[in-house]
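Just so it is clear, none of the values below were taken in a lab; they were calculated from the coordinates. Since the structure is predicted, the reported quantities are computational estimates derived from the model, not experimental observations. Every residue, glycine as well, gets a Cβ built from its backbone with ideal geometry; the counts of neighbours run over all protein chains shown.
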Amino acid sequence: MNPADSTISAFDRLSFTIFIALAVHALIIFGVSFTSSHSSSKSPTLDVTLSLHAENKITQDEADFLSDKDQQGSGTLDQKALLKSTEEAEIEDNKIFQTSDLEQQITFAELSQRNSRIISTDSSAQNSTPTPSEASESNSQLTPNANQTQLNNITDVATLKAMLDSSRQEYANRPRVRTLTALSAKRAVDAAYIFHWLEKVERIGNQNYPIAARQNRLTGAVRLSVQINADGTLKSVTVSQSSGHALLDQAAKQIVYLAAPFEPLTAEMLQGMNTLEIIRTWHFRVDNRFEASRSDLLE
């Protein structure tokens, strides 16, 4: 074997070293990747109702809301609804359940102008004030995701305020009904109105007594709930207690419709309400007379 063949030249060593260096760099470049985390820093929330009254000794097995004590509620709504307040909180909460189209009204340029007025950097913990050039550089490094997050926060707050305004409007538009029964209509102004109202409905009822009821000699008593608007127009007529005969129930409702409209309601009668409800029991007598009950003071 020739000794010259076993000798490694300097060129060979240089080539081998370059090859190893390239391989190591390639391994570092293509083998290591970086990912950014966008985990939300928001903590989960829980709606809790604070009880302002003494603790109820009866345990509530089926409660609608969480509270610090057991309490039997009454409420004024027909159905269970999300707990709300008509007052705006001093601290804005970005948690909502609906979104609006505010994104189309706020541009990223407006957000950048707002961000330029806020100085918030990592070096603030060291009581250092960034220079104008550093603040400009920090604003320029905001990514679209950061802008979108701030945009969503602004949208959420605006949506909450819109929901509050909507709730106020819905509550203001709710019907305010004052109910008069035979027991409650004792004031002079109420008694006078009810007297003339009963008289008119009875007169119309006897003039339009149902022929089928007369022919079949049907008798019975039907309780009606009649709602009258402030201007005297009829709002609704519903059967509170049936007579047992569908024909008599429908005839009683039809008589009230024929008797409408009625006299307008005065502010003294409405007492801040916008609708008057009159509940009376109407009788179809055996002598083919239609009249309201005069003796049932508990109706």
- If we count every other residue with Cβ under 11 angstrom of SER236's Cβ, Lys/Arg +1 and Asp/Glu -1, where does the sum land? +1
- Item | Alpha-carbon Debye profile of the stretch 177-292, log10 I(q)/I(0) at 0.16 Å⁻¹ | -0.70
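What is the stretch 177-292's relative contact order, in percent, from Cα pairs under 8 angstrom and six or more apart in sequence?
Working: 193 pairs, mean separation 45.4, N = 116.
Contact order relative to length: 39 percent.
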- Message: Rounded to the nearest 5, what % of DSSP beta bridges with both residues in the stretch 177-292 are antiparallel?
- Response: 85
